[in-house]
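Single-structure report; data block below.
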Amino acid sequence: MTICSLVIQAKPQHLSTVSASLHEMQGVEVHMQGENGKMVVSIDHPSREYCSDAMTKMSQINGVMSSSLVFEYQEELEADQTPQEQAPIILSQSS
Amino acid sequence: MKISRRDFIKSQAIAAAAATAGLTLPATQLAHAKEDDDAEVRWDKIPCRFCGTGCSVLAGTRKGRIVATQGDPDSDVNKGLNCIKGYFLSKIMYGRDRLTTPLLRKTDGKYDKEGEFEEVSWDEAFDIMAEKWKAALKEKGPSGVGMFGSGQWAIWDGYAASKFMKAGLRSNNLDPNARHCMASAVGAFMRGFGIDEPMGSYDDLEHADAFVLWGANMAEMHPILWSRLVDTRLTREGSEVHVLSTYTHRSFELADNGMIFEPQTDLMIANYIANYIIQNKAYDKKFLDDHVNIKKTVTDIGYGLRPEHPLEQKAKNSGKGKLSGMTFDEYAKAVSEYTLEYTSEHSKVPADKLERLAKLYADPNKKIMSLWTMGMNQHTRGVWMNGLVYNIHLLMGKIAEPGNSPFSLTGQPSACGTAREVGTFAHRLPADLVVKKPEHRAVAEKIWKLPADTINPKVGFHAVLMQRMLKDGKMNCYWQQCNNNMQAGPNINEEMLPGWRNPANFIAVSDPYPTISAISADLILPTAMWAEKEGAFGNAERRTQFWRQQVDAPGESKSDLWQIMEFSKRFTVEEAWGAELVAKMPEYKGKTLYQVLFKNGQVDKFPYKSGTVQDDDKNIYQNDESKHFGYYVQKGLFEEYRRFQTEGPKPGHDQAPFDTYHKVRGLRWPVVDGKETLWRYREGYDPFVKKLNPDVKKGDVYFYGKKDGKANLIFAPYEPPAETPNEEFDLWLCTGRVLEHWHTGSMTNRVPELHRAVPDALVYMNPSDARDRGLRNGAKVKIISPRGEITTRVNVRGRNKTPKGLVFVPFFDARRLVNKLILDATDPLSKEADYKKCVVKIVAA
């Protein structure tokens, strides 16, 4: 289980399109937005990988000037069997 | 887990974000569900592990593990926000290949440099290390050993290392990886102002009218500061953002004036702006007369390469930095060469864009914050370039006041607090003192209770030179802590790897993970990570921040500090100093370095027993080092270190007492009577101004780092880079980071979802360059430089858009060691390597 909240700063004139794009993302909710383009967003999803991807995607939405994480909580539940892979280390003096 | 707890956590998350955004939520969304007792999460403040911004984070610990983080709402730096990398703070300690025992290369039960790694005890690890170090010291003296530390060391890790090497082994072969990132900035601070570190603070982000980014991609590299800048830009009338770089990156999205310049011509652009200011008589004559000395610096200074290199042979004044006086008219004449036409032609920046930038600086009513990091520091003329930007601000008097701020951003979390302030460099001591000055050495010898002449007056080997000395067999023992130099250093294959594999040398690497450095070493020491020890960092705006130990280090891993102090027990003063020096203080006869350096009545002054470290809610925290050594180690070290600030000849570095920092969200030094300093050198903001210049006028500046209170405006011309694209190697290679990965990825690549998101370093290339070489997006290619080659894939559509003739490759990928390609040319004054300009060719693989 992963729960995150973010503050997204959109260019004020793009507020509605950014909001719409966010609403389309699974597990993502927009809780509120201000006139100055600031938005309170949460992600609630069992997969850590999904959350990480979602945050990157959010920052790339057209009209988003900055996206900042506020809170993140992560707990391994029996239901989340996200396979744990890691970066391979290559030991080779010639590569 | 109960549904109610999930709702509780979610509502906590949303409430935190709403508070940070300054928005109010409807009351129903703030409902708190009842919490289980055993789900108790303990929240405590800790600085982020990553960049020099120095955000504060609340870490949530449950059952001995960090499970959650939250941007600290009480932090003046980030005010409740975190960047995407903050998401990984709670995960970087739990990679599956975390090191938990010392590992030594062995064959048939004995140390063998060609052997395989086997688990050994700490005792055995230090046995072999001490044997090798003593042999090297006996044969070559203090220059035979060296330590390479870090701008990510906690303050007392660096301080203990400095004592051990300089006071203990009398060796100045101690340099930090901050040499690779901030040395040029430091050089310019010392030449221009006589003291290190910015005169302004992050508050300038809210006071400035306009921002100029010189070769810094803040949107990805200092995202929280960027979000503050964005806020000002979007809310302040007439605010502008100008961005200069050698390729288009994320920060350009906000730019009102985006400029792509030919590598190295930033030197021309800065001089052009100075020229514009003078031609238009926009300069502040009174400010210049009262507060500035104009100087010029020796030119044709080479590239910090080996002395036999043709470029060094050709240079008339290789490595020289002497300053001499210049009149205003001479200076005006010198910059007059940099006309708009000349500068535009060579930099390839359209004239109207350059002029717009110059007009901005020349406008006396616009408060300007200039911001820069690696583009300007990792530069063969980095010290000069930093100086040229200070020149612009000094000409206009736009300095040391809210909003007018030439701000050198720091990359690492404690390059300031540890490397620079503690002075863990080959030429330095704490508080801006230097080994070459007898009166400075005397201060260190007094505070450290050493016999006269203990401190070595000869400057030691800096980062790049250390690797050359290992290769040449002139330095035989090397200990690397808290960095991954085998991946992050320049010219790996020609200089570094041969040195490490040289049979005459013994290489020890301390790290939490099996990085390329660790695997290339002879001995690996498993190291505790930041939240597994009580620590302190100092960020880019001079803010010192402390944290408590949140969780335990796994297995037998130990902190850098523990390792240094334990290792010091292996040497007696006779072995380290020789009989003659010991005879000067016979009470030290037969003592170990540990006893002299740490059990000296000062470092061991403060008692410790379990329960000593507590927060405001009376939660008790561990402190493994203090428990082990039997006294409050960190407090003793810090309080001794502070004495350099008040008993030394360089004023203005004062920090608060140890206990204060645990209570507050950091303080910006100098801290006087409990009050921090936001703007230095200006009366009314900086208490040292009046202290050192009682006649100063109200609100005026006094640059007390220099004897006459005046700053140096230093003219320097354009000089070409070490390598320029030619017929065979026809592309510029620039290297750097991406948002998701920190440096060499040794931590961030251990987070599975992050590794999967950005697994490979790609080469960002211009579409027509790709087309001309018959390459499509995603094509496999070889990038070849005169020094080596790597294989990767092309990206013509990515976040970084390069101009024709330049490619960009990030350095986080251990399978694509881009630093094999880099030339180890440095700024000859700062000794910092230029990672932004070398030459390559690209062919299909």
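The values are calculated or read from the model by the stated rules, or taken from the named source; none is laboratory data. Everything quoted here is computed from the prediction, not taken from an experiment. Note: ideal-geometry Cβ built from the backbone for every residue, glycine included; neighbour counts use all protein chains shown.
Let's see how each residue does on (1) buried (at least 23 other Cβ atoms within 10 Å of the Cβ); (2) touching a Pro at 6+ places or on another chain (Cβ under 8 Å):
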residue: B:R815; (1), (2): no, yes
residue: B:E832; (1), (2): yes, no
residue: B:K841; (1), (2): no, no
residue: B:A844; (1), (2): no, no
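All told, B:V596 falls short of being assigned to a loop (DSSP other than H, G, I, E, B) and within 26 Å of B:D123 (Cα to Cα). Among residues of the range B:584-640 being among the small types (G, A, S) and exposed (fewer than 15 other Cβ atoms within 10 Å of the Cβ), the one that is nearest to B:E574 (Cα to Cα) is B:G590. Taking the range B:558-579 as the range and being surrounded by fewer than 21 Cβ atoms within 10 Å (Cβ to Cβ) and part of a loop (DSSP other than H, G, I, E, B) as the test, the residues that pass are B:K569, B:R570, B:G578.
Of all residues in the range B:350-369, those satisfying the criterion of being hydrophobic (A, V, I, L, M, F, W, C), outside any strand (DSSP E or B) and touching a helix residue (DSSP H, G or I) at 6+ places or on another chain (Cβ under 7 Å) are B:A351, B:L354, B:L357, B:A358, B:A362.
Which residues, counting only those in the range B:59-80, are within 12 Å of B:A17 (Cα to Cα) and under 22 Å from the mean Cα position of the chain (by Cα)?
Keep residues of the range B:59-80 that are within 12 Å of B:A17 (Cα to Cα), which gives B:70-73, B:79-80.
Listed by number, the list is empty, since nothing qualifies.
Among the residues that make up the range B:230-241, is at least one of them touching a helix residue (DSSP H, G or I) at 6+ places or on another chain (Cβ under 9 Å), surrounded by 24 or more Cβ atoms within 10 Å (Cβ to Cβ) and either at pLDDT 95 or above or not hydrophobic (A, V, I, L, M, F, W, C) (or both)? Scanning the range B:230-241, I find no residue that is touching a helix residue (DSSP H, G or I) at 6+ places or on another chain (Cβ under 9 Å), surrounded by 24 or more Cβ atoms within 10 Å (Cβ to Cβ) and either at pLDDT 95 or above or not hydrophobic (A, V, I, L, M, F, W, C) (or both), so the answer is no. Evaluating B:A770 against the criteria (1) hydrophobic (A, V, I, L, M, F, W, C); (2) away from chain A (no Cβ under 14 Å); (3) under 18 Å from the mean Cα position of the chain (by Cα) leaves one unmet condition, (3). Right, B:M469: modelled with pLDDT of 95 or more and either surrounded by fewer than 24 Cβ atoms within 10 Å (Cβ to Cβ) or in a helix (DSSP H, G or I) (or both) or not? Against the criterion (modelled with pLDDT of 95 or more and either surrounded by fewer than 24 Cβ atoms within 10 Å (Cβ to Cβ) or in a helix (DSSP H, G or I) (or both)), B:M469 qualifies.
Output the residues belonging to the range B:77-97 that are in a loop (DSSP other than H, G, I, E, B) and crowded, with 18+ Cβ neighbours inside 10 Å.
Across the range B:77-97, the qualifying residues are B:V77, B:N78, B:K79, B:G80, B:L81, B:C83, B:L89, B:S90, B:K91, B:G95.
Within the range B:504-547, how many residues are polar (S, T, N, Q) and touching a residue at least 40 places away in the same chain (Cβ under 8 Å)? Result for the range B:504-547: 6. In the range A:11-27, which residue that is in contact (Cβ under 8 Å) with a residue 12 or more places away in the chain and among the small types (G, A, S) is nearest to B:S227 (Cα to Cα)? Taking the candidates together, the pick is A:S19. When B:L754 is evaluated against the numbered criteria (1) in a loop (DSSP other than H, G, I, E, B); (2) out of contact with any Pro (no Cβ under 6 Å at 6 or more places or on another chain); (3) within 14 Å of chain A (Cβ to nearest Cβ), which criterion, by number, is the only one it fails? Of (1) in a loop (DSSP other than H, G, I, E, B); (2) out of contact with any Pro (no Cβ under 6 Å at 6 or more places or on another chain); (3) within 14 Å of chain A (Cβ to nearest Cβ), only one is false for B:L754: (1). Residues that are touching a Phe, Trp or Tyr at 6+ places or on another chain (Cβ under 6 Å) and not β-branched (V, I, T) within the range B:332-361 comprise B:A334, B:Y338, B:S347, B:A358, listed in sequence order.
Could you list all residues from the range A:14-60 that are of a type in the set (A, V, I, L, M, F, W, C), facing another protein chain (nearest Cβ under 8 Å) and not in a helix (DSSP H, G or I)?
At the first step, the residues of the range A:14-60 found to be of a type in the set (A, V, I, L, M, F, W, C) are A:15, A:18, A:20, A:22, A:25, A:28, A:30, A:32, A:39-41, A:43, A:51, A:54-55, A:58.
Those still in the list that are facing another protein chain (nearest Cβ under 8 Å) too: A:32, A:39-41, A:51, A:55.
Listed by number, the residues that qualify are A:M32, A:M39, A:V40, A:V41.
Restricted to the range B:788-810, and to residues there that are part of a loop (DSSP other than H, G, I, E, B) and within 14 Å of chain A (Cβ to nearest Cβ), the residue that is farthest from the chain's Cα centre (by Cα) is B:R797. For the range A:61-95, the set of residues classified as more than 7 Å from chain B (Cβ to nearest Cβ), over 11 Å from the mean Cα position of the chain (by Cα) and modelled with pLDDT of 85 or more consists of A:I61, A:N62, A:G63, A:V64, listed by residue number.
Yes/no per residue for (1) part of a strand (DSSP E or B); (2) of a type in the set (K, R):
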residue	(1), (2)
B:F252	no, no
B:E262	no, no
B:N271	no, no
B:K281	no, yes
B:F287	no, no
B:N293	yes, no
B:T299	no, no
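The conditions of being under 27 Å from B:D204 (Cα atoms) and within 25 Å of the chain's Cα centre (by Cα) are met by B:R420. Considering the range B:52-80, and only residues there that are in contact (Cβ under 8 Å) with a residue 60 or more places away in the chain and more than 16 Å from B:R543 (Cβ to Cβ), the residue that is farthest from the other protein chains (Cβ to nearest Cβ) turns out to be B:G64. For the range B:754-777, which positions are of a type in the set (G, A, S) and at pLDDT 95 or above? Hits for the range B:754-777 are B:S768, B:A770, B:G774.
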